[in-house]
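Trainee: Below is one structure. I have some questions about it.
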């Protein structure tokens, strides 16, 4: 996507867009894929350069938990899946699990808990919660590119490439030096949009079928009345 497309999208959703130099727009885009386990989502980091030009970085990531934690959840109510939305000033530079610098949750977010312990992401039966869950933005392996999520995400937003992650943190440090230690994260869920389209289509199909059924009943009743009158 081009920067202009993101700006139009954010405006349509009434989301906040940051346009001061080196003020980061951090955007996760969740793919329509329902199977968990791969880094098949994208994270875009967009900012205005000192020269007034937009810069956009696109990183492979996951916005979903890995299959390990879906099947063996840490929490008795199920594994956390971050819900679509804009989380303003919700992240800060801190330490992921006390081990290395990352963007860590500082304010409440909305999640869904997947409870059925399989390798498919469940967006229909899970229960919604809001709170501090440690949904951080971090990397997978310390170096190189990680192909499979495995234990690297129990709900966090995780970059597959260590190099991409270090660039993100470099940009975050620049942002912090100018605007303070607070970052907004926006999650765009293409899977959710796909579900909404399907539900809308089913609604209209159901409506058409109801109208057709009603028309048939009325037509049948009218025919019966005509036959009765003629006899």
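Since every read-out is calculated from the coordinates, none of them should be taken as a lab result. Just so we're clear, the structure is a prediction, and the values are computed from it rather than from any experiment. No Cβ is skipped: glycine too gets one built from the backbone with ideal geometry, and neighbour counts run over all protein chains shown.
Trainee: Can you tell me which of 154-160, 57-63 comes out highest on packing, and rank the rest after it, using the mean Cβ neighbours within 10 Å?
Mentor: Output ranking for 154-160, 57-63: 154-160, 57-63.
Trainee: If you don't mind, there's one more thing I want to ask. Provide the gained length on full extension for the span residue 50 to residue 100, in nm with one decimal, where the gain is 0.36 nm per separating residue minus the Cα-Cα distance.
Mentor: 15.1 nm
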